[in-house]
Each structure stands twice: as structure tokens, then as C-alpha cells.
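**Student:** Let me begin by handing over the structure; questions about it come next.
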Amino acid sequence: KDVSDYGELSEAIVSYMTRAAEKLRAQHSATGHISVCIETNRFKPEKPQYSNAISIGMPEPMAYTPVLIKYALRLLKRIYRPGYDYKKAGVALMDIVPATESQLSLFVRFEHTKQVDLMRAMDRINTHWGRDTLRSGAAGIARPWGMKRASLSPRYTTSWNELLKVRAG
């Protein structure tokens, strides 16, 4: 559904950034640059139109979800305009490097060991108990902005539980 409320739009951005950071950590990578974009529905010309994107370089490459969320929300705040019904929102990660080979900053101090341990524990819990078992409070609970899944097609080729079963006789 179209979203005009900043709170709902920020929940979507937080959820997308969380998922992107999980994928970064799964491939043992870090990002040095993030981008946030928002767009109204261009197929509704009777409504006012707006789209914008903005990006920022990170102080040093990272895959630490809380800091990535902080930067993403800062970017969203700069491009968000009230009075529009947004149809799309997204995040992009750029300058992806191996996590073990990233250049550290001389001017910004991060507690890398604590960050890695926290994210490893969070990823383990979410892997074991299911996606979003642990998540940032900024991601919201109800998610009214989420995709409609009423007409979702079965995942025959990617989910064992949805594989067709043939019975004899």
C-alpha cells in the first residue's frame, strides 16, 4: 500500500537495511557506502510525484546493523517530504569489501570485537528460531507497509514444504 507516514517509511527502511546487513555478514563482507531511495507511484499521475535518492560513505566499512540503521535513517530524514504517498523505498550497499580486509578509521573508534560478537549472536538466534526473532525496535511490529502476499505463488523449487506430492492410486 502507499505510505505517507514517516514512521511507516522509516520502519521499511530499517527492515531493508537489517536484511542487507544480515546478507553482508553471511558472506563475510562489509559495506563502505550506503544509499537510500524513496519514490511515489508513477502510475498514478493524478497524485503529486516525487522521488529522490541519497548516499553516504561510511567512516569505515562495516556490517554492524545498528550503525547502518542510524545512517540510513539519517539519509531518509534528509529526502523525506510530507504530503506524498510513497510506493517504493529501498536501500543499496556499495563499496563492498571482505570484512577481514577493510581499512579502519583513525578518527572514529568502533568496538569491533563487541560488534562482531553481538551480530554473530543475533544472527545465530535468527537462524535457529526464524527470521526477525530478534530485530531492531525501529523495524516496528505491525508492518502495515509490507507487501501483499495473498496471491503469492507456491515455491515448488525452493521450499521442501511446498513441493508437490504425488500419490499412487
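**Student:** Can you name every residue in the range 20-47 that is under 24 Å from GLU101 (Cβ atoms) and free of Cβ contacts under 8 Å to residues at least 40 places away in the same chain?
**Tutor:** Within the range 20-47, LYS23, GLN27 meet the criteria.
Quick grid of which residues meet (1) acidic (Asp, Glu); (2) closer than 23 Å to ASN126 by Cβ; (3) in contact with a helix residue (DSSP H, G or I) (Cβ under 9 Å, 6 or more places away or on another chain); (4) surrounded by 13 or more Cβ atoms within 10 Å (Cβ to Cβ):
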position	(1), (2), (3), (4)
SER10	no, yes, yes, yes
SER15	no, yes, yes, yes
SER35	no, no, yes, yes
MET62	no, yes, yes, yes
VAL67	no, yes, yes, yes
TYR84	no, no, no, yes
PRO98	no, yes, no, no
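**Student:** Oh, and also: Which residues, taken from the range 69-79, are open to solvent by less than 40 Å² (accessible area, probe 1.4 Å) and of a type outside the set (A, V, I, L, M)?
**Tutor:** Across the range 69-79, the qualifying residue is only TYR71.
**Student:** Out of curiosity, is TYR64 under 15 Å from the mean Cα position of the chain (by Cα), modelled with pLDDT under 90 and not polar (S, T, N, Q)?
**Tutor:** Taking the combined requirement at face value, the residue satisfies it.
**Student:** Considering only the range 32-57, state which residues are of a type outside the set (D, E, K, R) and either at positive phi or not in a strand (DSSP E or B) (or both).
**Tutor:** ASN41, PHE43, PRO45, PRO48, GLN49, TYR50
The values are calculated or read from the model by the stated rules, or taken from the named source; none is laboratory data. Everything numeric in this text was worked out from a predicted model, so none of it was measured. For neighbour counting, all protein chains shown are included, and Cβ atoms are generated from backbone atoms with ideal geometry for every residue, glycine included. Keep in mind that these areas ignore ligands, DNA and RNA; they rest on the heavy atoms of the full protein, side chains included. Shrake-Rupley method; radii C 1.70, N 1.55, O 1.52, S 1.80 Å.
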